[in-house]
Amino acid sequence: MKKSILSKAGLFALSLASAAAPVYSMAPGTASAREHTQMAAGIDLAAALPVGNFADVAGFGLGALGRFEYQLDQSALGITARAGYIMHLDKDVGPYTSSFATIPLLGGVKYSLPTAPIYVAAEAGAFITMAELTDGPGPDVDNSETNFGFTAGAGYELGDVDIRMSLNFLDVGNMADAMAVGVTFGYNFWGK
């Protein structure tokens, strides 16, 4: 069932991207509001590689995020909002099999560098995590919780395409136990 949800999310993202009308997206690398779309919506295909202690209980993650951006007038600064679903591959933890998924709900800022199609971004918000231990000698264990976390990274924009690499902390209270390197490949399907 979990693989079915991931497949449906990927198909949904691809159908949105292929059915999109022409977009007037942000022209990267400029600080002039005349050269930016003031608002843009997109879909980001996401990959997450757990590191540190998190890699002991979660495998490689794949998913999709919806994205909305609002460019502030006469500024290289934009406001962002992203939400989605990332499912991690199962991982053997002793006699158990660990399953892990997260729903990130994030808001943040994005600053486009004035002389290049590069930006830096930071987002913070809720990470709803769902974990399950199965196939062990004892009873199965399910755990769901919501934690405050953040992401920080940099990206590259080329027309409607947005590629970002970030360091993701799914729980500020336990940063060493909930850290992943993330990469997103996005497409702006709407702009104004």
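I'd like to verify a number: residues in the stretch 124-158 that are polar (S, T, N, Q) and surrounded by fewer than 15 Cβ atoms within 10 Å (Cβ to Cβ), how many? Write out each step before concluding.
Step one: list which residues in the stretch 124-158 are polar (S, T, N, Q), which gives 129, 134, 143-144, 146-147, 151.
Now narrow it down to the ones that are surrounded by fewer than 15 Cβ atoms within 10 Å (Cβ to Cβ): 134, 143-144, 146.
Number satisfying all stated conditions: 4.
Of the strands (runs of 3 or more DSSP E) contained entirely in the stretch 140-192, those carrying at least 3 residues that are aliphatic (A, V, I, L, M) and within 12 Å of the chain's Cα centre (by Cα) fall at 161-169, 179-191.
Which one of TYR111, TYR85, TYR70 is aromatic (Phe, Trp, Tyr) and surrounded by 17 or more Cβ atoms within 10 Å (Cβ to Cβ)?
On the way: TYR111 fails: surrounded by 17 or more Cβ atoms within 10 Å (Cβ to Cβ); TYR70 fails: surrounded by 17 or more Cβ atoms within 10 Å (Cβ to Cβ).
Result: TYR85 is the single residue among TYR111, TYR85, TYR70 that is aromatic (Phe, Trp, Tyr) and surrounded by 17 or more Cβ atoms within 10 Å (Cβ to Cβ).
Within the stretch 131-138, not a single residue is under 13 Å from the mean Cα position of the chain (by Cα) and outside any strand (DSSP E or B).
Check whether at least one residue in the stretch 156-165 is touching a Phe, Trp or Tyr at 6+ places or on another chain (Cβ under 7 Å) and closer than 19 Å to GLY61 by Cβ, and report yes or no.
Let us first name the residues in the stretch 156-165 that are touching a Phe, Trp or Tyr at 6+ places or on another chain (Cβ under 7 Å), namely 157, 160-161, 163.
Cutting the leftovers down to closer than 19 Å to GLY61 by Cβ gives us 163.
So far as the stretch 156-165 goes, yes, one or more of its residues are touching a Phe, Trp or Tyr at 6+ places or on another chain (Cβ under 7 Å) and closer than 19 Å to GLY61 by Cβ.
Inspect the stretch 161-173 for any residue being under 26 Å from GLY94 (Cα atoms), among the acidic types (Asp, Glu), modelled with pLDDT of 95 or more and touching a Gly at 6+ places or on another chain (Cβ under 7 Å) and give the result as yes or no. Yes, the stretch 161-173 contains at least one residue that is under 26 Å from GLY94 (Cα atoms), among the acidic types (Asp, Glu), modelled with pLDDT of 95 or more and touching a Gly at 6+ places or on another chain (Cβ under 7 Å).
The values are calculated or read from the model by the stated rules, or taken from the named source; none is laboratory data. Worth saying up front: this structure is predicted, and the values here are computed from it rather than measured. Because the Cβ atoms are built from the backbone with ideal geometry, glycine has one as well, and the counts that use them run over all protein chains shown.
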